[in-house]
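Everything on this sheet refers to the single structure shown next.
Bear in mind that the values in this text are calculations on the coordinates, not laboratory data. Here the structure is a predicted model, which means the values were calculated and not measured. Cβ coordinates were reconstructed from backbone atoms using ideal geometry, including for glycine residues, and neighbour counts include every protein chain displayed.
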Amino acid sequence: MMRLRKLKLQVVTAQGTYGTRIEFPDGLVIIRADNSLGKSTCFTSILVALGMEAMLTTNQTDLPLTPSVLEKLQTANGWEEVIESAVYLEIENTRKERLTVFRQLRGNRDKNLIGVWYGGALSSTVDCEYRDFFVNRGGGASREAGFHRELARFLGWNLPQVATFDGSESPLYLQILFPFFFVEQKRGWSSVVPIVPSHLRVRNPHERAVEFLLSLDAYKNAERRQELELELSQHQSAWTQTVKITKENANQVNGSVQGISDTPIVMWPPEVSPSFMVPIKNMWVSIQSRIEGAKSTLRDLIELEIPRVEQIASEAESELTTAEDEVHRDETIVARLLEFVRFEESELASMNNRLRQIEEDLVRNKDDRTLRSMGSEKLKTLNSGECPTCHQSLQDSLLPLADEQGVMTLDQNIAFLEQQRRTILGVIGEARASIEARNQQILAIRSEIANKRSRVRALRQTLISDGRLPSAAAIEERLRLEHEIERLEKAFDSFENSLLQLGKTAKELRRIRSALSALPKQNTSQSDRDKISRWSVLMQEQLGQYGFGSFQPNEVQISDDQYRPKHDGFDLPSSISASDLIRTIWAYLMGMMELAREYSIDHPGLLVFDEPRQQSAREISFRELLRRSAKSKSHEQQVVFFTSEEPNLLRQALDGLDYKLHDFGDEEKVIRPMYD
C-alpha cells in the first residue's frame, strides 16, 4: 500500500519564501486550479520527490520542472530569481508507517541526492532518523544507499529480477511500475496502456509490471520453467558426460559397455540391465567372469609354485625390510601432506571470507563517497560503531589521536581496501596453487606406495617358498595376473559408480520433467485467468458507465498474455474516438486498482491523474469517474485528481460524494507566499 499524505513545495527568493502545502486523506482528493497556475507543477514535484523523473524525460541533466521553481518565479512584485527550491513529500505504507522524502530542486545540494526521515516529518515535531540516498546512479535500485531500493522496502515490495535486452537481469525498476498509478498530462493520456521508460532496457516491461502488480503466477511460472529447463540441460549434459567417461573407462581394458542409452532416459534401471563385457581369446565375457577367472588362475600358480630361496634369502629379507620401511615412510608423508592440505583449505576458506568482507566494505565505502560527493553528511559506514576495515568494535572512549596522526579519508580507506583486496587475491591464488600441487604430490606418492606394496607381496611370497626357484615365465605370469586383476577391478568399480550416477541423474530428470508437465502451458494459471477475467468485467462496467460508444463495452477484453485491452482478439483500433481512448484509460487503470479490493495483490491502492478530463470528455463521463473514484475511501484506497475543471461544474459533479477539495481559485497561483 502507498498513500500520499503531505506535500510541501518551497521556493526561496531574495524577497521571501514561496510555496504550497497540500494534505492527502484517504478517498477522493481533488486539487483544482486554473491552467498555468502551478497545479501540474505540484503533480510533477511528487514524481520528482520520489526520483521518478524517468517517467517524464530521458534527460539526466535537468529536472523536468517549470522555470518557476528552478529559475525565476513570477510574483505579485514581478519576476524574482530563485535562490533555492525543494520538495518535501510524506507517504504512508500498509503498516501505517510514514516516510518523508526531501529533494532539493535548486541549490548547493546535488539534485540526485534524496533525504529520508523515517517518520512524518511534515506532520510531527518529533525528531526522526535521517539518511541520504541517491538516484540516477548505478545501483539505485539494488544497493543499500539507493533510494529506490529503500522505497521498495518501505512499500513491502520484493521486486523480481527481470530480463534485459543485453541478456542480463535487473530489478523490475519502480519507474516501470509507477505509470500504472500516476498518469501525467503530456504523454500519459496518449496510449491505452501506460507508457514506461524504454531506456531502462527491460524486456516486455508492460507484461512484467502487470504480473507484479496483480501478483500473477505467470512470471513465476515462466521463471520456474526457465529454471527447470536449465536444470534439465545440466542433467542431460551430466548424463552425456557420464556415458562418455564410462565408455572411455571400458576402452582402457579393451572392453565394451552395453545396455546404456546415449540419450538421457528417466526409467532406471532399464529393462535390459547394463553390462560390461571384455574379450577373452575369441569370446566376450562379463568383466566379473574375467576377474574371477584371473583370480582362480593366480591362486593355482601360487599353490603350485614353491621355489627354493636359500641363495637369495638374505638379500630378499633385506630388500623386504627396506621396502616395508619405505612404504611406512611414504604413508607417513601422505598423512602429513593431507594434514597440510586440510590446514591450507581451512586458511583458504578464511581468506575467501575475508575477501567477501573487503568487497562488501568497498561497495559501502564507494556508496558513501558517492553520497559525500553529492553533499550528504549522514554516512552509515562512518557511524556504525565498528571499524570499516577489520570490523572490530570501536568505543566512544578512545584516546585522542596524536597531532601527527589522522583518521583516513574515504578515498584513503577505499585505496587501502583495494590494496588489501589485491593482496588477498594474490595470496588466494598462491594457496590454491599450493593445494593443487600437494594433491598432485599425494597422488604420485600413493601410486608409488601401490607399486612398493606389490613388491613387498612378491618378496614375502619368495621368502616363504621352500626350495624350488620359480622360472622367469612363472613370475612374470603371476605379476601380469596381479596387474590385470587390479586394472579390471578398478575398471569395474568405475563402471558401478557410473551406474549409480546414471541412476541419480535419471531420477532427477524424471522429477524435472514431471515439474515441467505440471506447469501451465501458457504460464498463466487458473488463478491468473480468474483475476484477468474479473479485471475485464470491471473495465467493461466502467466503459458502459462512462459512455464508451465506439462499440459495445462487453466486446472489450483484457488479453491473458499481453494484459492489454483487445477487441475481437486485436488491439483496440485506432478508429475509436479520442474521448473513448480516455475512457478506456480510466477504466483500465481504475479496474486494476479495484481488483485490489477483491484479491491480495501488490497494487498500492493509489491512483493519481493529472487533468483526467482530456479530449473534452463529456461532463457526464467525468461525473461518473468521480462517483466511481469516491468509493475508494470505503476500501481504504486513494484517488487524487489534479484538474482545471470549471469550479461550478466540478462542485455539481461532486454533489453528494465524499471527497477532499483543495481549490486554489481562478487566478491565484498555487505557489504563493509562505509565512512559516
Report, by chain and number, residues whose modeled amide H sits under 5 Å from the one on K6, excluding near sequence neighbours (fewer than 5 apart, same chain). F24, E90
In deg cm²/dmol, rounded to the nearest 500, the helical mean residue ellipticity at 222 nm of the chain, built from -39500 (n - 2.57) for every DSSP H run of length 4 or more, is -16000 deg cm²/dmol
With a point put 7 Å past each Cα toward its Cβ, work out how far R438 is from N204 in nm, to one decimal. 5.1
Express in nm, to one decimal, how much length is gained between R153 and E227 on full extension, taking 0.36 nm for each residue of separation and deducting their alpha carbon distance. 24.0 nm
Using Cα pairs closer than 8 Å and at least 6 residues apart in sequence, work out the relative contact order for the chain, in percent. 24
Helix 526-546 sits at what angle to the longest principal axis of the chain, using alpha carbons and giving 0 to 90 degrees rounded to 10? 10
For the chain, build the charge dipole from Cβ charges (+1 Lys, Arg; -1 Asp, Glu) around the Cα centre, then report which of W284, L502, I333 sits farthest towards its positive end. L502
By how many degrees, between 0 and 90 and to the nearest 10, does the Cα long axis of helix 619-630 differ from the longest principal axis of the chain? 60
At what distance in nm do the modelled label points of Q562 and E23 sit from each other, each positioned 7 Å from its Cα along Cα→Cβ? 4.6
Along the stretch 227-244, Karplus-curve 3J(HN,Hα) (6.51, -1.76, 1.60; θ = phi - 60°) to the nearest Hz, with x for Gly and Pro, reads 4, 5, 5, 5, 4, 4, 4, 5, 6, 5, 5, 5, 4, 4, 5, 5, 4, 4
Under the 0.36 nm per residue contour assumption, what length would be gained going from the current alpha-carbon distance of S168 and E668 to full extension? 174.9 nm
Could you size up the charge dipole of the chain around its Cα centre, putting +1 on the beta carbon of Lys and Arg and -1 on that of Asp and Glu, and report it in debye to the nearest 20? 1280
Run the reach check for K504 against lysines, Cα to Cα strictly under 17 Å, same-chain hits fewer than 8 apart removed. What comes back? K244
Rg/Rh over Cα atoms for the stretch 52-158, Kirkwood Rh, comes to 1.01
Most exposed first, judged by fewest Cβ atoms within 10 angstrom, W79, W117 run W79, W117
Coil-residue trypsin sites (Lys or Arg not before Pro) of the stretch 98-136, DSSP, other Cβ within 10 Å capped at 15: none
Considering all alpha-carbon pairs of the stretch 1-56, what whole percent are spaced by more than 20 angstrom? 33
Fully extended contour minus Cα-Cα distance, from S190 to D411, at 0.36 nm per residue: 74.7 nm
Once amide H atoms are placed 1.01 Å from N in the peptide plane, what residues at a sequence separation of 5 or more from D602, or on another chain, have their amide H within under 5 Å of its amide H? L214, S215
Structure shown: which of K96/K220; K186/K631; K220/K366; K8/K186; K111/K631; K186/K366 lie over 32 Å apart, alpha-carbon to alpha-carbon? K220/K366; K111/K631; K186/K366
How many percent of Cα pairs in the stretch 572-661 exceed 18 Å? 46
For T423, T242, T125, which order do you get if you count the other beta carbons within 10 Å of each Cβ and list the fewest first? T125, T423, T242
Positive-pole candidate from L174, T263, T246, dipole of the chain, charges at beta carbon: L174
Which of V135, V11 comes first, and how do the rest follow, when ranked by fewest Cβ neighbours within 10 Å? V135, V11
So for R0 = 22 Å, FRET eff. of E619-K660 from the Cβ-Cβ r, to 0.05, ends up at 0.55
Computed FRET efficiency, Cβ-Cβ of S237 and L70, R0 51 Å: what is it to the nearest 0.05? 0.30
So if R0 is 51 Å, what FRET efficiency would H635 and E331 give, r being the distance between their Cβ atoms, rounded to the nearest 0.05? 0.05
The stretch 39-92, dipole about Cα centre (Lys/Arg Cβ +1, Asp/Glu Cβ -1), debye to the nearest 20: 200
Which residue, chosen from M593, F609, S574, occupies the Cα position most advanced towards the positive end of the dipole of the stretch 574-621, where the dipole is computed from +1 (Lys, Arg) and -1 (Asp, Glu) charges on Cβ about the Cα centre? S574
